[in-house]
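Visitor: One structure, pasted below without further comment.
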Amino acid sequence: MQDVFSGFCEKFERINTYLALIKYPEQLFSISPAKTLNHAGKSIFCFPIPGENLDPATVKSFGQEWQKFHHFAEVDLQDFGQKYFRLLHEVDLPKETLVADFGCGSGRWTRFFAPQAGHVVAIDPSAAIFAAAEVLQKIPNISLVNASIEQLPFLEETFDFGFSLGVLHHIPDTPKAMRDCVKTIKKGGFFLCYLYYNLDNRGWGFRALFAGVNLLRRLISSLPAGAKQLICNILALGVYLPLVSLSRLAKSLGVAAKIRAKLPLNAYENSSFYILRNDALDRFGTPLEQRFSKMEIEKMMTVAGLTDIRFSDQVPFWCAIGKRSF
Ligand SMILES: C[S@@+](CC[C@H](N)C(=O)[O-])C[C@H]1O[C@@H](n2cnc3c(N)ncnc32)[C@H](O)[C@@H]1O
């Protein structure tokens, strides 16, 4: 009986905290914001960005990308959201949590996760934070922070759960960036990440294809924004769409999912053309990307203080979750 009562009190206290955060989000921070901007009716808290562990060209490119692409259909968000967050089913995450989205971009995953969280803090150093303000306009239990992972304005052990999807491999020192994120997670809390894989689980054909693709990325990402977008639209139409259509055709002919998974770009089987255009730009327009093997990611997570590390065995690779224990 006493347990039920104390559980109830704890829940009540948490709910009160989250209601207070909507009204007074400043209490989240360990330092005062340098300035607060208003966009789409949302406050954006801006903090200094030292630039020591950040690639300026990459951050600029993402600012442009997310300002262009942030009108996502719910069905697209659900499709990829389920894939990114599926590992959460395997851990015991409390319902009302204080959550951080490290490198939120357009804020799409903050939007996806907010209904199941107490409060989500969306953090990004680029102009994408304005796109996130628009995407999250109608969602009350979120805060927007313009900051870089290298200098997060939070005390250690602030969050119950943090996620960083497709971000850390775009930062020069990825292991350090991971340590900086994990520091802000409470002991016993969880950290979920998605990092580009170095094709460690693929055959030579896939690797050869990737070598060509990577060369193209280096070339395209160095172009001015307009040219980059034009070429990526052409790639979406001329390369992504035909390959995705092949997967869809195989599906309609009854080819098993396990076999279709071997086809290039099969992960986009259910995605709209808007997502294909966005991802072509993301994939080919970004100057800095790094790739890691499963073992390297596991080591990085362990050094950051995570244990009970689990990897998803399905695309997108590699998605992993760990529990902060020290
Ligand atoms: C590929 S986007 C992913 C955005 C979002 N997580 C998503 O999946 O839609 C990578 C994001 O990382 C952000 N980023 C790059 N360097 C960063 C840093 N040092 N600190 C925090 N975010 C960073 C970029 O601005 C960009 O929005």
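The values are calculated or read from the model by the stated rules, or taken from the named source; none is laboratory data. Predicted, not measured: the structure shown is a model, and the values here were computed from it. Ideal geometry is used to build each Cβ from the backbone, glycine not excepted, and the neighbour counts take in all protein chains shown.
Visitor: Somewhere in region 55-71, is a residue more than 16 Å from the ligand (Cβ to nearest atom) and farther than 22 Å from LEU168 by Cα? Let's see the steps before the verdict.
Guide: Here is the first cut: in region 55-71, the ones more than 16 Å from the ligand (Cβ to nearest atom) are none.
Taking every residue of region 55-71 in turn, none turns out to be more than 16 Å from the ligand (Cβ to nearest atom) and farther than 22 Å from LEU168 by Cα.
Visitor: Here's another thing I want to ask about it. Would you check if there is a residue in region 176-184 being assigned to a loop (DSSP other than H, G, I, E, B), touching a residue at least 40 places away in the same chain (Cβ under 8 Å) and either assigned by TED's automatic domain parsing to the domain that holds LEU155 or at positive phi (or both)?
Guide: Within region 176-184, one or more residues are assigned to a loop (DSSP other than H, G, I, E, B), touching a residue at least 40 places away in the same chain (Cβ under 8 Å) and either assigned by TED's automatic domain parsing to the domain that holds LEU155 or at positive phi (or both).
Visitor: Could you check region 166-198 and list, in sequence order, the residues that are surrounded by fewer than 17 Cβ atoms within 10 Å (Cβ to Cβ), within 21 Å of the chain's Cα centre (by Cα) and more than 16 Å from the ligand (Cβ to nearest atom)?
Guide: Result: LYS186, single match.
Visitor: Can you spot a residue in region 98-105 that is more than 14 Å from the ligand (Cβ to nearest atom) and of a type in the set (A, V, I, L, M, F, W, C)?
Guide: For region 98-105, residues more than 14 Å from the ligand (Cβ to nearest atom) and of a type in the set (A, V, I, L, M, F, W, C): present.
Visitor: Answer yes or no: is there a residue in region 143-163 that is assigned by TED's automatic domain parsing to the domain that holds MET295, near the ligand (Cβ under 10 Å from one of its atoms) and under 19 Å from ILE275 (Cβ atoms).
Guide: Within region 143-163, none of the residues are assigned by TED's automatic domain parsing to the domain that holds MET295, near the ligand (Cβ under 10 Å from one of its atoms) and under 19 Å from ILE275 (Cβ atoms).
Visitor: Among the numbered criteria (1) surrounded by fewer than 19 Cβ atoms within 10 Å (Cβ to Cβ); (2) within 24 Å of LEU276 (Cβ to Cβ); (3) polar (S, T, N, Q), which single criterion is violated by THR58?
Guide: The single condition THR58 does not satisfy is (1).
Visitor: Residues in region 13-54 that are away from the ligand (no atom under 11 Å from the Cβ), β-branched (Val, Ile, Thr) and within 21 Å of the chain's Cα centre (by Cα): how many?
Guide: Residues that pass the stated criteria total 1.
Visitor: Please go through region 120-163 and give me each residue that is in contact (Cβ under 8 Å) with a residue 24 or more places away in the chain and small (Gly, Ala, Ser), ordered by number.
Guide: Listed by number, the residues that qualify are SER126, ALA127, ALA128, ALA131, ALA132, ALA133, SER143, ALA147, SER148, GLY162.
Visitor: Which of (1) in contact (Cβ under 8 Å) with a residue 60 or more places away in the chain; (2) exposed (fewer than 13 other Cβ atoms within 10 Å of the Cβ) is the odd one out, the single condition SER252 does not satisfy?
Guide: (1)
Visitor: Here's a follow-up. Quick check, is GLU74 closer than 18 Å to CYS181 by Cα and surrounded by fewer than 21 Cβ atoms within 10 Å (Cβ to Cβ)?
Guide: Taking the combined requirement at face value, the residue does not satisfy it.
Visitor: Let me ask something else. Checking ALA128 against (1) modelled with pLDDT of 95 or more; (2) surrounded by fewer than 23 Cβ atoms within 10 Å (Cβ to Cβ), which test does it fail?
Guide: Of everything listed in (1) modelled with pLDDT of 95 or more; (2) surrounded by fewer than 23 Cβ atoms within 10 Å (Cβ to Cβ), ALA128 misses just condition (2).
Visitor: Need the failing condition index for GLN82 against (1) loosely packed, with under 13 Cβ neighbours inside 10 Å; (2) farther than 15 Å from ASP124 by Cα; (3) over 16 Å from the mean Cα position of the chain (by Cα), just the number.
Guide: (3)
Here is a yes/no grid of residues against (1) in a helix (DSSP H, G or I); (2) touching a strand residue (DSSP E or B) at 6+ places or on another chain (Cβ under 8 Å); (3) of a type in the set (Phe, Trp, Tyr):
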| site | (1), (2), (3) |
| --- | --- |
| SER126 | no, no, no |
| GLU134 | yes, yes, no |
| LYS138 | no, no, no |
| SER143 | no, yes, no |
| PRO153 | no, yes, no |
